[in-house]
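Enquirer: Sharing a structure with you now.
The values are calculated or read from the model by the stated rules, or taken from the named source; none is laboratory data. All values derive from a computational prediction rather than experimental measurement. Glycine also receives a Cβ, built like all others from the backbone with ideal geometry; neighbour counts cover every protein chain displayed. All accessible areas refer to the heavy atoms of the entire protein, side chains included, with ligands and DNA or RNA removed. Shrake-Rupley method; radii C 1.70, N 1.55, O 1.52, S 1.80 Å.
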Amino acid sequence: MKEEIIIAGFGGQGVLSMGKILAYSGIMQNLEVSWMPSYGPEMRGGTANVTVILSDTRISSPILHEYDTAIILNQQSLDKFEQQIKPGGCLIYDSNGITHHPTRKDINVYRVDAAEEAVKMNSTKTFNMIVLGAYLKVKPVVVMENVLNGLKKSLPERHHHLIPINEKAIERGMQIVNQI
Amino acid sequence: MGEDIKLMKGNEAIAEAAIRIGVDGYFGYPITPQSEVMETLMAKQPWDTTGMVVLQAESEIASINMLYGGGGCGKKVMTSSSSPGISLMQEGLTYLAGAEVPCLVVNVVRGGPGLGTIQPAQSDYFQAVKGGGHGDYSLIVLAPASVQEMADHVKLGFDLAFKYRNPVMILSDGVIGQMMEKVVLPSAKSRWTEEEIKELNPWATLGKPKTRERNVITSLKLQSDEMEEHNHKLQAKYQRMKEEEVLFEEFNCADAQYLIVAYGSSSRVCQKTVEIARDKGIKLGLLRPITLFPFPSDRIYELAQQVKGILSVEMSAGQMVEDVRLSVNGKVPVYHYGRLGGMVPSPSEVLKAVDEKLIGG
């Protein structure tokens with residue numbers, strides 16, 4: 001098993017921490033993992049992305065130019081990464097703020113209206129966990145138990161009381177993701 | 001999962017490993033992409049636990065000279081910086097090498113020249129391996145290619161620094177510094193006591209007892225014949241490093257017809273290139289130097305008897321390629337492929353270079 005993922009959106013959307021939770025979940029499942037952020041002069045509101053690789057064998061390059069899955073959270077990232085998905089790969093995107101939707105026919109496209117759902121759930125900060133849920137529904141590369149253990153590892157202890165609400169968000173994401 | 005497996009950045013691994021192996025002092029000045037080293041140390045506050053000193057100096061020049069003082073006392077001292085900051089340290093480094101003071105310097109390389117960019121590069125190879133400062137000296141240069149090696153090389157670096165009384169440099173880059181991977185940290189050890197330092201490092205300047213002559217730490221010898229003798233002693237030491245300390249790793253070299261030589265983050269990219277090439281039936285291998293000084297010349301020479309050509313892949317305009325050519329000594333053609341200024345090559349881009357330069361060439 002090898003899953004090469006790019007997660008891309010605005011700084012502040014929780015792109016990097018979502019990647020980190022996914023990587024920790026991978027460790028809990030005894031997988032090899034790598035997490036490589038774009039670390040340019042990023043800022044809140046600017047673009048941010050992270051490459052996460054989960055594999056049951058040693059990971060060679062942590063930097064990739066094509067991906068099994070792209071998780072896309074804004075228009076700039078969609079424009080940049082849609083063409084870098086492997087044929088037959090997956091694109092999961094939040095349509096919030098998207099004016100030019102994906103056009104490729106040789107990939108599987110899924111939509112998750114996570115931003116909208118997060119507002120409905122009255123918990124905008126769990127936006128990224130709704131997206132993570134959508135991803136895990138499409139690609140169940142790690143089991144839920146390990147995701148929750150990954151959350152525990154990745155969050156500082158003072159935030160552990162937030163784990164149930166994050167779990168709820170992940171489950172919600174699993175429910176609302178739709179293949180286009 | 002074992003409790004000891006952690007997920008962390010290369011820069012954080014450097015800091016965590018330093019505390020655990022009992023480093024006495026870190027002196028540094030912030031610069032991207034290595035700022036997490038000092039950030040992590042400051043957050044961990046090891047002065048309360050192991051007694052390790054962590055100090056933000058007023059500049060890189062101050063940092064490196066604090067290493068001269070601390071290392072001269074036989075303490076395990078280190079600094080970290082990135083390319084422009086390391087340039088500022090070159091005077092200090094040649095003094096440390098000349099005076100045979102052990103220390104560890106971490107360079108998380110960014111694109112240059114000048115202030116350059118904060119993105120990863122490997123364009124400081126010449127500076128690290130060929131001197132950088134003045135005079136005939138060498139640093140021992142380690143090139144980690146993973147977060148695990150970032151942690152491991154802190155211990156290895158200090159072991160070598162004290163074995164040879166020589167500064168050691170970890171030559172990393174923004175990829176290895178910023179990425180997170182699994183890491184198992186070295187087992188915790190307490191810092192050396194004053195007695196241990198006196199016993200292990202009898203040259204250290206810790207105060208003169210009546211029982212021996214004074215210890216002198218200096219790189220100054222005004223008499224030319226003495227200075228020549230000192231130089232010969234240093235050269236003999238560098239020769240011994242070449243004989244005893246060369247480290248490298250091979251991927252698919254046994255039956256390789258074509259060879260890539262790459263270190264650090266480039267070697268990770270090239271490992272993927274080898275995987276793709278092997279899937280296509282191309283007999284491509286990769287040799288990854290782990291020590292850049294001493295360089296694995298003998299093994300590259302051996303492989304040159306077997307392969308049709310060698311490609312040196314670096315995120316530079318072609319620096320290590322010179323050492324590969326010297327190792328091969330004309331036996332097979334040696335080419336360079338690289339990206340500059342903070343760009344990282346893709347595995348397929350490297351394969352294209354292999355195809356054009358090695359197979360087609």
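Enquirer: Per 10 Å bin, what is the whole-percent P(r) computed from every C-alpha pair distance within segment A:62-180?
Expert: 14, 42, 34, 11, 0
Enquirer: Given the whole protein assembly as supplied and a 1.4 Å probe, what does the accessible area of A:His100 come to in Å², nearest 10?
Expert: About 120 Å², rounded to the nearest 10.
Enquirer: Mind grabbing the base-10 log of I(q)/I(0) for segment B:249-359 at q = 0.20 Å⁻¹? Debye formula, identical points on the C-alpha positions, no solvent, two decimal places.
Expert: At q = 0.20 Å⁻¹ the computed log10 ratios are -0.98.
Enquirer: Let me ask something else. Taking +1 at the Cβ of each Lys and Arg and -1 at the Cβ of each Asp and Glu, which of B:Met52, A:Leu132, A:Ile6 sits farthest along the dipole of the protein assembly as shown towards its positive end, judged by Cα position relative to the Cα centre?
Expert: Highest projection toward the positive end goes to A:Leu132.
Enquirer: Kindly express, to the nearest 10 degrees and within the range 0 to 90, the angle between helix B:10-20's C-alpha long axis and the longest C-alpha principal axis of chain B.
Expert: Compared with the principal axis, the helix lies near 30 degrees.
Enquirer: Here's another thing I want to ask about it. In whole Å, what is the distance between the alpha-carbon centres of segment B:326-358 and segment B:33-51?
Expert: Between the Cα centre of segment B:326-358 and that of segment B:33-51, the gap is 38 Å.
Enquirer: Still on this structure, please answer the following. What is the sum of charges around B:Ser219, taking Lys and Arg as +1, Asp and Glu as -1, for the other residues whose C-beta is under 13 Å from the C-beta of B:Ser219?
Expert: -1
Enquirer: Which value, in Å² and to the nearest 10, is the accessible area of A:Tyr110 when all protein chains are kept and the probe is 1.4 Å?
Expert: Result for A:Tyr110: roughly 40 Å² accessible.
Enquirer: Still on this structure, please answer the following. How large is the accessible surface of B:Phe27 in square angstrom, using a 1.4 angstrom probe and rounding to the nearest 10?
Expert: Number for this one is 30 Å².
Enquirer: When the Cα atoms of segment B:5-194 are enclosed in a convex hull and the volume is divided per residue, what value in Å³ results?
Expert: With only Cα atoms used, segment B:5-194 gives 96 Å³ per residue.
Enquirer: List the lysines whose alpha-carbon lies under 20 Å from that of B:Lys221, not counting same-chain residues fewer than 8 positions away?
Expert: Straight-distance partners of B:Lys221: B:Lys233, B:Lys237.
Enquirer: Right, next: Could you tell me which residue out of B:Gly92, B:Cys73, B:Leu185 lies farthest along the dipole of segment B:5-194 toward its positive end? Charges go on the beta carbon: Lys and Arg +1, Asp and Glu -1, centred on the Cα centre.
Expert: Farthest towards the positive end: B:Leu185.
Enquirer: Let me ask something else. Looking at chain B as a GNM with Cα springs under 10 Å, which of B:Ala254, B:Ala62, B:Ala151 has the largest mean-square fluctuation?
Expert: The residue that fluctuates most here is B:Ala254.
Enquirer: Sort B:Leu340, A:Leu54, B:Leu326 by heavy-atom solvent-accessible area, probe 1.4 angstrom, most to least. Walk me through the intermediate numbers first.
Expert: On the way: B:Leu340 100, A:Leu54 0, B:Leu326 130 Å².
Descending accessible area places them as B:Leu326, B:Leu340, A:Leu54.
Enquirer: Relative contact order of chain B: what whole-number percent is it, with Cα pairs under 8 angstrom and at least 6 residues apart?
Expert: Answer for chain B is 18 percent.
Enquirer: Please give me the summed charge of the neighbours of B:Gln34: other residues whose Cβ is under 12 Å from its Cβ, Lys and Arg +1, Asp and Glu -1.
Expert: -3
Enquirer: Apply the Karplus curve 6.51 cos²θ - 1.76 cosθ + 1.60, θ = phi - 60°, to the phi angles in segment B:181-192 and return the couplings in whole Hz, x for Gly and Pro.
Expert: Each residue of segment B:181-192 in turn: 9, 5, 8, 10, 6, x, 5, 6, 9, 7, 5, 4 Hz.
Enquirer: Taking a 1.4 Å probe, which of A:Tyr39, A:Tyr135 shows the most accessible area, and what order do the others take after it?
Expert: Values: A:Tyr39 25, A:Tyr135 0 Å².
Solvent-accessible surface, decreasing: A:Tyr39, A:Tyr135.
Enquirer: Same structure again: Taking chain B as a Gaussian network, where each spring joins two C-alpha atoms under 10 Å apart, which residue of B:Gly74, B:Gly22, B:Gly135 fluctuates the most?
Expert: Of B:Gly74, B:Gly22, B:Gly135, the most mobile in the Gaussian network model is B:Gly135.
Enquirer: Oh, and also: If you count, for every residue in B:179-185, the Cβ atoms of partner chains within 10 Å of its Cβ, what is the mean?
Expert: Numbers: counts 9, 13, 10, 8, 0, 0, 0.
For this peptide, the per-residue mean of nearby foreign Cβ atoms is 6.
Enquirer: Quick check: the angle from helix B:147-164's long axis to the longest principal axis of chain B, C-alpha only, nearest 10 degrees?
Expert: 50 degrees
Enquirer: Remind me, what semi-axes does chain B give for its equivalent ellipsoid, largest first in whole Å, using sqrt of 5 times each Cα gyration tensor eigenvalue?
Expert: In descending order, the three semi-axes are 35, 24, 18 Å.
Enquirer: Once you list every other residue whose beta carbon is under 12 Å from the beta carbon of B:Phe248, what net charge do they have if Lys and Arg are +1 and Asp and Glu are -1?
Expert: Values: positive: B:Arg288, B:Arg299; negative: B:Glu245, B:Glu249, B:Glu250, B:Asp298, B:Glu302.
Local charge sum for B:Phe248: -3.
Enquirer: To continue, here is another question. Mind checking the dipole of segment B:89-248: about its Cα centre, +1 per Lys or Arg Cβ, -1 per Asp or Glu Cβ, Debye to the nearest 20?
Expert: Approximately 340 debye in magnitude.
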